[in-house]
Structures are given as C-alpha cells and as structure tokens.
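Comments concern the structure below.
Derivation of every value follows stated rules applied to the coordinates shown; laboratory data play no part. Just so you know, these numbers come straight off a predicted model, no measurement behind them. Methodologically, a virtual Cβ is constructed for each residue, glycine included, from the backbone with ideal geometry; neighbour enumeration extends over all protein chains shown.
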Amino acid sequence: MDINMAASLSCNNIPDPSSPTSNPTSRFQMSLRDPSSWNFDIDRWLNRCIPPPPWKHLPYRISRFCGYRETPPKDLGNILITFWAFIGVFCGISIVEVVSLHIPSFGDHGAPIISPCFGAAAVLQFCTIESPLAQPRNVILGQLWGSVIGIGICKLFLLSPHFQSIRWIGGSLACAAATAVMTLTKTVHPPAGATALLAVVDDSSLEMGWFLIPVVQLGCILMICTALFLNNIQRRYPIYWWTAEDLGKCGWSNTKSFSDVWPESETTGEYPVADDCEGGAITAGSRILPLT
C-alpha cells in the first residue's frame, strides 16, 4: 500500500485546517462553554518520554517476578486468593514494621512503628492486586503527593497562632488537595489520602514534619518488593508499572493493520493508527509522515 494512501485512510476525518473548529484556539474557546467536556490527560505528554519496560529482555525467572508473563496466568478460586492475601498482608506489614524499628533516625524523629495508611495499602496490594489503585505508579507517586501536600499545608497552618482551633480545616484541605492532584496525574491511591490527612491532624506526623516523606516512601518500596515476590507465585503483579497503554507511542491508539507503514507493536502484536492528525501530517515520535 502506498504510504500516502495509508496516511489518508488513517486520517480521513481530518477537518480543514482553515476551519474554525479545526483551529486549536477555537477548539479551546468552544470547550470553555461546556465545562462537562473539559479533560486533562497527563499521559498524552508523559508517555512519549517513557520507554517500554525491559522485562521481556531479562531472563524469565527474573522478569516473571516483575509482572511479565509469556502466557496469561491461570484464574484462581477465591480460597487461594484469600490465602495469598492473608500471607501478603501479614508479611508486608510485618516487614515494614521490623525495618522501621531498626532504623535509629525513625525513632529520633518520633516516627510510629508503621503509618496507619499502610493497613489500607496492604489490602490493595495483596488482595485487589489487579486494581489500578494498587499498581506501583499509583502507590509510590500517590503517597508522594499525599505526604508532600499534607506536610506543606500543615506548615502553612502552623503559621497561624490559632493552629489548634483551625487544624481540622487543614486536614480536610490536605486530603481534598491530594485527591485532586492524584486524579489529574493518574496516581490515585486511597491510602495517600489518609497520609495527607494524618500529616495535619496526627501529632506524631506533625512532629516528623518533612521526615514523613522518606518514612512513607520506604514503606511503599518495602511493600511493593514484598508484593512482587508473593503475588507472582501464583498470580501476577503488577499488571503494569506505569500505564496499560503502549509507551513511547504517544498519540497512537485504535489499532489496525497498516503493516507496510508502521512496525508491529511490541506489546499488542497489532499496528498503531494515528488518532491525532493535526497540521496535515501524522506524527509518530520523531517521525513525520506528510499527507501530500
């Protein structure tokens, strides 16, 4: 198939660039009139910069414990799932507690044996392991947002001489702000909402201050490492590390077979078709295929 013909087929609904509806500024102005249509997709910019995971290039005995599978895992009954969830939650929380007890600086800063948020995190990471809320991106970045935002808001409220009387407002604001940021960055992790709240209303978290960040992040890493081992014995975790979409192919979706134009997708075995054809050209990373 001629490359110009393939390009034309893939973008046969491209509006006239001179049309008001095809102008980016006009589209933005039109969207302002309909708030229900507003949408921000951060992965549209980030995914093009993130390389695909390298697991398939590693020995399978290693890559399988990173969530890679050559064939889909067998479905398990809820008895086995319950068994592995029990083992995982017990081991995950125990490891975080033991490590925390043996780090002197944690005690020096008044850190608790474990943050309460890890109780909820353990349920996600060892029971509902296929949930997007339990994947590494959401766990690590969600908790990072929660701790940073929670501590930051707490520090601002501490500037007031009436901190104790308005502390409850700070807790609500911290949890709400963390939720908003996690939603926009696709890193929603419910335990991180608890982290943001505790950073303001809990006295031990208040005493730690910014030291809460490494405490929480270490717990996240230990929990993920435990999940990588236990959840991959008979199940699969994570389902993905960053996103379920193809990485390094920003602006591509809705696969079709244009094998003579684009190379085969590494993850789906199909061929990507452009879904963003502005300015009379199909863009694919650094390549630009003109339509004329």
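Among the conditions (1) closer than 16 Å to D203 by Cα; (2) surrounded by 17 or more Cβ atoms within 10 Å (Cβ to Cβ); (3) touching a residue at least 40 places away in the same chain (Cβ under 8 Å), the only one that F126 does not satisfy is (1). For segment 68-113, taking the residues that are touching a helix residue (DSSP H, G or I) at 6+ places or on another chain (Cβ under 7 Å), touching a residue at least 24 places away in the same chain (Cβ under 8 Å) and outside any helix (DSSP H, G or I), the one that is surrounded by the most Cβ atoms within 10 Å (Cβ to Cβ) is identified as A111. The test for being crowded, with 19+ Cβ neighbours inside 10 Å, over 23 Å from N232 (Cα atoms) and touching a Lys or Arg at 6+ places or on another chain (Cβ under 9 Å) holds for C154. In segment 212-234, of all residues being over 13 Å from L141 (Cα atoms) and polar (S, T, N, Q), the one that is surrounded by the fewest Cβ atoms within 10 Å (Cβ to Cβ) corresponds to Q234. The residue of segment 129-139 that is farthest from the chain's Cα centre (by Cα), among those that are crowded, with 17+ Cβ neighbours inside 10 Å and part of a loop (DSSP other than H, G, I, E, B), is I129.
The number of residues in segment 157-191 being outside any helix (DSSP H, G or I) and surrounded by 15 or more Cβ atoms within 10 Å (Cβ to Cβ) comes to 5. V148 falls short on exactly one of the conditions (1) β-branched (V, I, T); (2) under 23 Å from F229 (Cα atoms); (3) assigned to a helix (DSSP H, G or I); (4) under 18 Å from the mean Cα position of the chain (by Cα), and that condition is (2). The numbered conditions (1) free of Cβ contacts under 8 Å to residues at least 12 places away in the same chain; (2) within 21 Å of the chain's Cα centre (by Cα) are all true for H162 except (2).
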